[in-house]
Amino acid sequence: MTLRIGIVGAGENTKLQHIPGFKSIEDVEVVAVCNRTEASGKKVAEEFGIPVVYKDWNELVNSDQIDAVCIGTWPYLHSPITIKALSSGKHVLTEARMCMNLKEAQEMHEAAEQSDCVAMVVPAPFYLTAEPTLLSMLKKDFFGEILEIEVRGLAGGFDPNAPLHWRQRRDLSGQNIMALGIFNETVRRYVGHEKSVMAHATIFTHERIDSETGMKRVADVPESIGVISEMENGATAVYHLSSVARFGDSFTFEFYGTKGCFKMEGGTAFNPGKVWVAGESDEAPRLLELREQPRNGWRVEEEFVDAIREGKPVTHTNFTDGLRYMEFTEAVQMSLAEGRKVNLSEL
């Protein structure tokens, strides 16, 4: 039986990954799209051969010609579309960042628990090719007990005249700050969850021009953030993210253990980059040789379809894991607002 996918929000990642990914799977069809405007929806439909364009996402979600919904909108719509789709008997794949805040994440998680449908968040895409090998080495105690973690996401460049981006608007992005949540998702794959966080952040340009209205609007999402977190296993994790660091080393993760270390660096979201490892007998980190994988290990659309058709568990990423990184982002925001260390048990 053909699985019929409806797209709500055909942004860059949806056009780059999700639509081509679904179209490459046998007996899967992308049958409808709804974008911010009908004109932009028609443009996407023409580009990818999608037969139906909806003006309103509610119409798409309610259609009996749709089996599953892929949500590629900005975070402010993730929760309402997800909950409506699940209640309408539609499977859901929603783009990361999961939603606006912890309350919405809890409501989405509850809706998923009450539904028989598959609910999945697009995973953090960093270093997926290396992940199985590194997890196996961790399990075999190659690195020993992880003590220190450093995460850097330094990118962009200082330009106070650049127009306002949706990621700089809390009304569209919620508690999410840059890619902090999906960086945290990556860390948790290797070392588990946080016990507490302490955060500091800065906004360098407080107003920017909204390109849609031509008027100045408040930019109220930090452009630089540092977070120190205590992990449940006792390790310390330090995050430094910036959108004003020209020539910065974005997407870099370092893990240091009692026997060795591993470093993932030089990659982008869909570039494998380089991974360096060192164990007890190594004098210096060595390049980890990895078998090439199609799409750099990205199997999001295939995993979503396999979960629907075969009942396979979602690993990258289920709503429970998404809820955990929304707990992290909520604790970070609480720390910023109150100027103190926040225990995740407070949430």
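The values are calculated or read from the model by the stated rules, or taken from the named source; none is laboratory data. Note that the coordinates shown come from a computational prediction; the quantities given were computed from them, not determined experimentally. Counting neighbours? That spans all protein chains shown, and the Cβs are built from the backbone with ideal geometry, glycine included.
Among the residues of the stretch 110-140, those that are more than 20 Å from GLY21 (Cβ to Cβ) and crowded, with 20+ Cβ neighbours inside 10 Å comprise ALA111, ALA112, ALA130, LEU134. Checking the structure you have, find out if any residue of the stretch 218-232 is in a loop (DSSP other than H, G, I, E, B), more than 21 Å from the chain's Cα centre (by Cα) and without any contact (Cβ under 8 Å) to a residue 24 or more places away in the chain. Looking for residues that are in a loop (DSSP other than H, G, I, E, B), more than 21 Å from the chain's Cα centre (by Cα) and without any contact (Cβ under 8 Å) to a residue 24 or more places away in the chain, one finds none in the stretch 218-232, hence no. Assess whether ASN176 counts as being touching a helix residue (DSSP H, G or I) at 6+ places or on another chain (Cβ under 7 Å), of a type outside the set (Ser, Thr, Tyr) and assigned to a helix (DSSP H, G or I). It is false that ASN176 is touching a helix residue (DSSP H, G or I) at 6+ places or on another chain (Cβ under 7 Å), of a type outside the set (Ser, Thr, Tyr) and assigned to a helix (DSSP H, G or I). Restricted to the stretch 233-260, and to residues there that are over 19 Å from the mean Cα position of the chain (by Cα) and aromatic (Phe, Trp, Tyr), the residue that is farthest from GLN168 (Cα to Cα) is TYR256. For the stretch 278-302, the set of residues classified as closer than 13 Å to GLU131 by Cβ and either at pLDDT 95 or above or in a loop (DSSP other than H, G, I, E, B) (or both) consists of LEU288, LEU290, ARG291, GLN293, TRP298, ARG299, listed by residue number. When residues in the stretch 273-306 are screened for being of a type in the set (Gly, Ala, Ser) and farther than 22 Å from LEU16 by Cα, 4 of them pass. Counting just the residues of the stretch 295-313 that are among the small types (Gly, Ala, Ser) and on the phi > 0 side of the Ramachandran plot, which one comes out nearest to the chain's Cα centre (by Cα)? Among those residues, the one meeting the criterion is GLY297.
Residues in the stretch 234-277 that are out of contact with any Ser or Thr (no Cβ under 7 Å at 6 or more places or on another chain), in a strand (DSSP E or B) and of a type in the set (Val, Ile, Thr): 5 in all.
Within the stretch 308-320, being touching a residue at least 12 places away in the same chain (Cβ under 8 Å), surrounded by fewer than 21 Cβ atoms within 10 Å (Cβ to Cβ) and outside any loop (DSSP other than H, G, I, E, B) holds for ILE308, ARG309, ASN318, THR320.
For THR2, the conditions (1) under 20 Å from ARG295 (Cβ atoms); (2) touching a strand residue (DSSP E or B) at 6+ places or on another chain (Cβ under 6 Å) all hold with the exception of (1). Candidates in the stretch 203-226 are the residues that are more than 25 Å from GLY153 (Cα to Cα) and not aliphatic (A, V, I, L, M); of these, the one that is modelled with the lowest pLDDT is GLU212.
Per the listing GLY41, GLY21, GLY49, GLY11, the residue uniquely buried (at least 23 other Cβ atoms within 10 Å of the Cβ) and either touching a residue at least 12 places away in the same chain (Cβ under 8 Å) or not aromatic (Phe, Trp, Tyr) (or both) is GLY41. Can you tell me which residue in the stretch 20-44 is nearest to ARG295 (Cα to Cα), limited to those that are within 25 Å of the chain's Cα centre (by Cα) and small (Gly, Ala, Ser)? Checked the stretch 20-44; the qualifying residue nearest to ARG295 (Cα to Cα) is GLY21. Reported count of residues in the stretch 112-134, each being part of a helix (DSSP H, G or I) and either closer than 27 Å to TRP166 by Cα or touching a Phe, Trp or Tyr at 6+ places or on another chain (Cβ under 7 Å) (or both), is 2. Taking every residue in the stretch 95-123 that is without any contact (Cβ under 8 Å) to a residue 40 or more places away in the chain and farther than 19 Å from VAL300 by Cβ and pairing it with any residue that is part of a helix (DSSP H, G or I) and hydrophobic (A, V, I, L, M, F, W, C), at least 6 positions away or on another chain, the pairs with Cβ-Cβ distances below 7 Å are GLU107/ILE83; ALA111/ILE83; ALA111/LEU86; SER115/LEU86.
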